[in-house]
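The values are calculated or read from the model by the stated rules, or taken from the named source; none is laboratory data. Note that the structure is predicted; figures quoted are calculated from it, not measured. Here Cβ is always computed from backbone atoms with ideal geometry, including for glycine, and neighbour counts include all displayed protein chains.
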Amino acid sequence: MAASSLISTHFHSSSPTFSPLSRSPNRKFLPFPLSKPFSLHKPTASTSPILSLHRKTQKRSLIPPSKSYCPPCLHKLLLATKNPFSSGLESLLILCASAALSLSLFIADVDPASAFVVTPPRKLQSDELATVQLFQENTPSVVYITNLAARQDAFTLDVFEVPQGSGSGFVWDKNGNVVTNYHVIRGASDLRVTLGDQSTFNAKVVGFDQDKDVAVLHVDAPKEKLRPIPIGQSADLLVGQKVFAIGNPFGLDHTLTTGVISGLRREISSAATGRPIQDVIQTDAAINPGNSGGPLLDSTGSLIGINTAIYSPNGASSGVGFSIPVDTVNGIVDQLVKFGKVTRPILGIKFAPDQSVEQLGLSGVLVLDAPANGPAGKAGLVPTKRDAYGRLILGDIITSVNGKKVSNGSDLYRILDQCKVGDKVFVEVLRGDQKEKIPVVLESKADET
């Protein structure tokens, strides 16, 4: 509008009778002076049909003065006669419009090449949006653990470190404690933890529990880099509810797999000691090599378990996955952080494989050894031994503890897990043909390095 007003003012001052197309509010249309008959078909040499100066008004007119026209000829004249300023005005308006568009693009900081490209937004379903949000919010809490082992060169005798395994873990608290599986760090001479922002720190072992396959590491990372994972509970889980596993399978960056809880209260054996782990969560979410130690989350993004194993008859990563429940992990981690070890009660015996007892046609736990300085040895349990002729003399067979039946080693471990260090339990044994009840005071497990 400013450019248009400026142009109108300029031509108003220089040409009082500017074209009838002018829209100035102070302009009045002037009648065409037609004093004499005139024919456009035979113009005179002294008169120009384009522009002439009227003597009485001294104003410029686009129509030759003192001429008369018939209506058709006048119409043709108006169409043929072109305003010398109209084309310039149109060009100027186009230039102003182009300048305004360029200025708007510059102010909006829009790429001119894509200013007129309309990209339709990606449409996701509500459950997809929830999954994407869960992954984005919990990925910073998941870490990548590298297990380094010391090796000695056979020729130079130099000692160097080589990666012997890797796994996943997650940040437990702001103090730098990281939780993972014990089998991820087993046999390591050096450990490195890579956080969600790809920063790497050396880690030291705080403590571990071989029986439950849980370990706690510590990293000296800034607190602003540590994102503890939300802790949930596993007591109220239901078969069929959705679960999400985040980890670093095959050494890749953070990966999400999803599935449902396909079973509860399962039991697996610890990879280190063979001791059973109860109340394990069974899921069909893919748990590949490298997912071990990573978190299993519910639909709210809360931790409900640690991915620890997969059962695959054909050796592929498409079998049934197992996760240690968070209610079990919670108590173990608290003890490891406070004391560096888990004070789990033991009987202090070594027992025969379950198959050996079944072959004898018996039910229970056959005692192979009971060290004299252990709880069972102090209480007087009899181990298995050979006589002077090499014949095998069976030791005591434990059939119950505190009135609870013991059919195999898993039953015995399950009962001991419900006891505490210092508790007195009554062990019923089959000694020869007689049954006896022997009181035993439980002691803690010896320290391990």
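For the reader, a short list of remarks on this structure follows.
- Filtered residues of the range 138-187 (kept if among the aromatic types (Phe, Trp, Tyr) and at pLDDT below 85): 155, 160
- Number of positions in the range 357-391 that are of a type in the set (A, V, I, L, M), surrounded by fewer than 18 Cβ atoms within 10 Å (Cβ to Cβ) and more than 51 Å from the chain's Cα centre (by Cα): 5
- Only one entry of 400, 410 meets the criterion of being among the small types (Gly, Ala, Ser) and part of a strand (DSSP E or B), and that entry is 400.
- Residue selected from the range 399-449 under the condition of a type in the set (D, E, K, R) and loosely packed, with under 13 Cβ neighbours inside 10 Å, by the criterion modelled with the lowest pLDDT: 448
- Residues satisfying the criterion are present in the range 325-347 (criterion: at pLDDT 85 or above, in contact with a helix residue (DSSP H, G or I) (Cβ under 6 Å, 6 or more places away or on another chain) and either part of a loop (DSSP other than H, G, I, E, B) or closer than 22 Å to residue 173 by Cβ (or both)).
- Screening 368, 362 for residues that are closer than 19 Å to residue 432 by Cα, assigned to a loop (DSSP other than H, G, I, E, B) and among the aliphatic types (A, V, I, L, M) leaves exactly one candidate, 362.
- Some residue of the range 125-137 being at pLDDT below 60, part of a helix (DSSP H, G or I) and polar (S, T, N, Q): no
- Scanning the range 280-298 for residues that are touching a Phe, Trp or Tyr at 6+ places or on another chain (Cβ under 8 Å) and polar (S, T, N, Q) turns up 282, 283, 288.
- Scan the range 216-249 for residues that are touching a residue at least 40 places away in the same chain (Cβ under 8 Å) and in contact with a Leu (Cβ under 7 Å, 6 or more places away or on another chain) and the total you get is 12.
- Scanning the range 195-217 for residues that are in a strand (DSSP E or B) and surrounded by fewer than 18 Cβ atoms within 10 Å (Cβ to Cβ) gives 200, 202, 204, 205.
- In the range 254-280, the residue that is farthest from residue 234 (Cα to Cα) out of those that are at pLDDT 85 or above and aliphatic (A, V, I, L, M) is 256.
- Pairs where the first residue, in the range 295-320, is closer than 19 Å to residue 169 by Cα and at pLDDT 85 or above and the second is of a type in the set (Ser, Thr, Tyr) and assigned to a strand (DSSP E or B), C-beta under 7 Å, 6+ apart: 296/283; 296/323; 305/323; 306/323; 307/323; 308/323
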